[in-house]
Amino acid sequence: MPENMKTIYENKVKSIGSLANTFLEEKMFILFGTEAPQDLKDFCYNIDVVNADGEIQAGHKLYINNEKFEITSIGNLVQRNLTTLGHITLRFDGSTIPELPGTLYLENKEIPAIELGTELKIVNE
């Protein structure tokens, strides 16, 4: 990763719900902090709730481990939900208009395997 980039958000997958992979076929997956409601836990990749160091914006990059994805648009609740609940949906369809308030839209690329310890990082390059 370039040295002049600023890391805005950093986290790791702590646990994986039994049905979390269900949405990968639809080019999306769900993150939720450790306080996820029981009925949603199975569908989520669980992360710690951590603060962001700045505002997440279109054009920033999301790294899943070392694989880079451009952020194409951001629902208006993504920043708040991510930093208070650890809960957002990531959709890999390249949308430039955010249809859903809690969804982070990324370029249309294949999603890499997400496992325990997978690093998630949002950076401004």
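Taken together, the values in this text are just the output of simple stated rules run on the coordinates, not laboratory data. Worth saying up front: this structure is predicted, and the values here are computed from it rather than measured. Methodologically, a virtual Cβ is constructed for each residue, glycine included, from the backbone with ideal geometry; neighbour enumeration extends over all protein chains shown.
Results, tabulated for the structure shown:
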| item | result |
| --- | --- |
| Flag if THR7 is polar (S, T, N, Q), farther than 14 Å from ILE114 by Cα and exposed (fewer than 14 other Cβ atoms within 10 Å of the Cβ) | no |
| Pairs with Cβ under 8 Å, 6+ apart, first in region 100-121 and on the phi < 0 side of the Ramachandran plot, second loosely packed, with under 13 Cβ neighbours inside 10 Å and assigned to a loop (DSSP other than H, G, I, E, B) | PRO101/ASN76; TYR105/THR96 |
| Output for region 85-96, where each listed residue is over 12 Å from the mean Cα position of the chain (by Cα) and closer than 25 Å to THR22 by Cβ | LEU85, ASP93, GLY94, SER95 |
| Single residue of ASN81, ASN66, ASN46, ASN76 found to be within 12 Å of ILE122 (Cα to Cα) and not aromatic (Phe, Trp, Tyr) | ASN66 |
| Close pairs (9 angstrom Cβ cut-off, 6 or more residues apart or separate chains): at negative phi in region 28-50, assigned to a strand (DSSP E or B) and of a type in the set (Lys, Arg) anywhere | MET28/ARG91; PHE29/ARG91; ILE47/LYS12; ASP48/LYS12 |
| Top-ranked residue in region 10-41 [being in contact with a helix residue (DSSP H, G or I) (Cβ under 7 Å, 6 or more places away or on another chain) and buried (at least 18 other Cβ atoms within 10 Å of the Cβ); ranked as farthest from LYS61 (Cα to Cα)] | PHE32 |
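This table checks each residue for (1) more than 21 Å from MET5 (Cβ to Cβ); (2) surrounded by fewer than 19 Cβ atoms within 10 Å (Cβ to Cβ).
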residue	(1), (2)
THR89	yes, no
GLY94	yes, yes
GLY102	yes, yes
ASN124	no, yes
